[in-house]
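Working notes for the structure below.
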Amino acid sequence: MASRVVVNADRVKGTINRNIYGHFSEHLGRCIYEGLWVGEDSPIPNTNGIRNDVLEALKQMKIPVLRWPGGCFADEYHWKDGVGPREKRKRMVNTHWGGVIENNHFGTHEFMMLCELLGCEPYISGNVGSGTVQEMSEWVEYITFDGESPMANWRRENGREKPWRIKYWGVGNENWGCGGNMRAEYYADLYRQFQTYLRNYGDNKLHKIACGANTADYHWTEVLMKQAAPFMHGLSLHYYTVPGPWEKKGPATGFTTDEWWVTLKKALFMDELVTKHSAIMDVYDPDKRIDLIVDEWGTWYDVEPGTNPGFLYQQNSIRDALVAGATLHIFHRHCDRVRMANIAQLVNVLQSVILTEGERMLLTPTYHVFNMFKVHQDAELLDTWESVERTGPEGELPKVSVSASRAADGKIHISLCNLDFETGASVDIELRGLNGGVSATGTTLTSDRIDGHNTFDEPERVKPVPFNGFKLEGGRLDVTLPPMSVTVLELTAG
């Protein structure tokens, strides 16, 4: 049986905000130190301390926005310890992640420099859990004020004459948990207080993001929207795809076929979460002024054997590529409310797009999905109708996930994920609303094993290749997808 898809090229459902393809970098394990920052004196080629190989890979992927410094780390981070001459910065204990000593060499100036080098938007999460209103207020002043003030003058003394621009500002992180174990009612009042003192200096306008719910805590969303909606521009949501119980989540490679299906099923649960949280937001914000920002998502497995359990270092396989592709499709469908998402995390932590080992670097299957899907950034979401095969042990999952968009240059991109690791998928795509003929090209990412992944000895074992498993004739595409694959088709008029 073939799955049927209709793409209505003349019906636009919304715009896929490029920030849905955002990323998250925390002071955790080897994400910042070694992953991004090696220092100017490192033998690893770098630009002002940022390693060049990672920098170029992220530019190629067109990373749109980067969240920092956490995560749980954000609510124990005191920004003033991370500015000024590096040799004089305070050292601190990273109590959340491995108890390691942080030298604070990567701070505000380094992060803002990184975002400038990448051409991406910075997204800072401020400290509510152990910080003060004054501390967060002065951080905004330090970064954005162009006049005469203690913080602006201090920034100039530290080598930055002109202020930076920053839009996205998170007021705390996971304040229901590691950020203070707060009740929703208490945090809502704290949010109202803290955000009051986050000033807009000059023409810099802050987009204030409140800490939202953990997974299916709909009470938290209800309380925040009821008590603080007029004071926020965004509300966050955190959800991790964890195959097993927290104490034994399961391995990143060498997993069973049962774990494959459980992982994909839990990844697709994102749709229900976004739908239900959005419904609550709609009651208090029917005009959809407030963004739902999924600023932590991705797979979470047992750490790699022999590594520090507090560093959350895991491999990344074709299974993760399918989690990424199917989840991004969910965000596409909800682009009227979901306007940013940040996969966790950028380098060497959880579902990373890049892994490093000393001077070596590799791109993961998840990286390749983000790079293939960058064509969807800021594109028009096209209306689609789908009738797809079922798969899974009990036929409980759709076999194919699909999304279609039109870019500014008029090209249409159709991305498809075959979630079945055993069999290919036949997809009959009807193209409606097109004027004239089109030509098509394709790219696919797949593997010959369910845990296919890249290693530092074989860094290109899983990578995109040209795809020609389709036939285009008379406004119809007959597509045969490989098992466990992520595919992008590009349609060009004429």
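Nothing in this text is a laboratory measurement; each read-out follows from the coordinates by a stated rule. What you are looking at is a predicted structure, and each value in this text was computed from that prediction instead of being measured. So basically every Cβ, Gly included, is an ideal-geometry build from the backbone, and we count neighbours across all protein chains shown.
Convert 20 °C to kelvin, take the viscosity as 1.002 mPa s, use the Kirkwood radius over C-alpha pairs of the stretch 221-354 as Rh, and evaluate the Stokes-Einstein diffusion coefficient in µm²/s, rounded to a whole number.
This corresponds to a translational diffusion coefficient of 136 µm²/s.
Enter the per residue convex hull volume of the stretch 1-103, computed from alpha-carbon coordinates, in Å³ rounded to the nearest integer.
Hull volume normalised by residue count: 207 Å³.
Name the aspartates and glutamates eligible as straight-distance cross-link partners of K288: C-alpha to C-alpha under 16 Å, and not fewer than 8 places from it in the same chain.
List returned: E222, D336.
No partner Cβ under 4.7 angstrom, meaning no disulfide-compatible partner by this rule: which Cys of the chain qualify?
If one checks each Cβ against the other cysteines of the chain, C31, C115, C120, C211, C335, C417 turn up with nothing under 4.7 Å.
Find how much the distance from N103 to T480 grows on full extension, using 0.36 nm per residue of separation minus their present alpha carbon separation; answer in nm with one decimal.
130.5 nm
Where the eigenvalues come from the Cα gyration tensor of the stretch 395-438, what are the semi-axes √(5λ) of the equivalent ellipsoid, largest first, in whole Å?
Its equivalent ellipsoid spans semi-axes of 27, 12, 9 Å.
For the stretch 364-386 and the stretch 413-454, compute the distance between their C-alpha centroids and round to whole Å.
When both Cα centres are located, 12 Å separates them.
If N is the number of residues in the stretch 315-373, what value comes out of its Cα radius of gyration divided by 2.2 N^0.38 Å?
It is 1.20.
Enter the angle in degrees (range 0 to 90, nearest 10) between the Cα long axis of helix 133-144 and the first principal axis of the Cα atoms of the chain, meaning the one along which they spread out most.
On a 0 to 90 degree scale, this one is about 70.
Starting at 0 and stepping by 10 Å, how many percent of the alpha carbon pairs of the stretch 281-356 end up in each bin?
Bins of 10 Å from zero give 18, 41, 24, 14, 3, 0 percent of pairs.
For the chain, max minus min Cα coordinate along each principal axis, in Å, sorted largest first?
68, 52, 45
Taking a 30 Å limit on the Cα-Cα distance, which of the listed pairs K62/K162; K88/K248; K13/K266 fall beyond it?
K88/K248
Rounded to the nearest 500 deg cm²/dmol, what is the calculated helix-only ellipticity per residue at 222 nm for the chain, with -39500 (n - 2.57) per DSSP H run of length n ≥ 4?
Helix-only estimate at 222 nm: -7500 deg cm²/dmol.
Under a cut-off of 13 Å between alpha-carbon atoms, report the aspartates and glutamates in cross-link reach of K208, not counting same-chain residues fewer than 8 places apart.
Within the straight-line cut-off, K208 pairs with D291.
Evaluate 2.2 N^0.38 Å with N set to the residue count of the stretch 132-237, then give the Cα radius of gyration divided by it.
1.18
Starting from the Cα gyration tensor of the stretch 257-315, take the square roots of the eigenvalues, sort them a ≥ b ≥ c, and report rounded, prolate or oblate (rounded when a/c is under 1.5, otherwise prolate if a/b is larger than b/c, else oblate).
oblate
Name the chymotrypsin sites (Phe, Trp or Tyr not before Pro) in the stretch 357-450 that are in a loop by DSSP and that have at most 16 other C-beta atoms within 10 Å, would you?
none
Mind checking the angle between helix 184-196 and the chain's longest principal axis? C-alpha axes, 0 to 90 degrees, to the nearest 10.
70
Can you work out the FRET efficiency for the pair N468 and T257, with r the C-beta to C-beta distance and R0 = 41 Å, to the nearest 0.05?
About 0.90, to the nearest 0.05.
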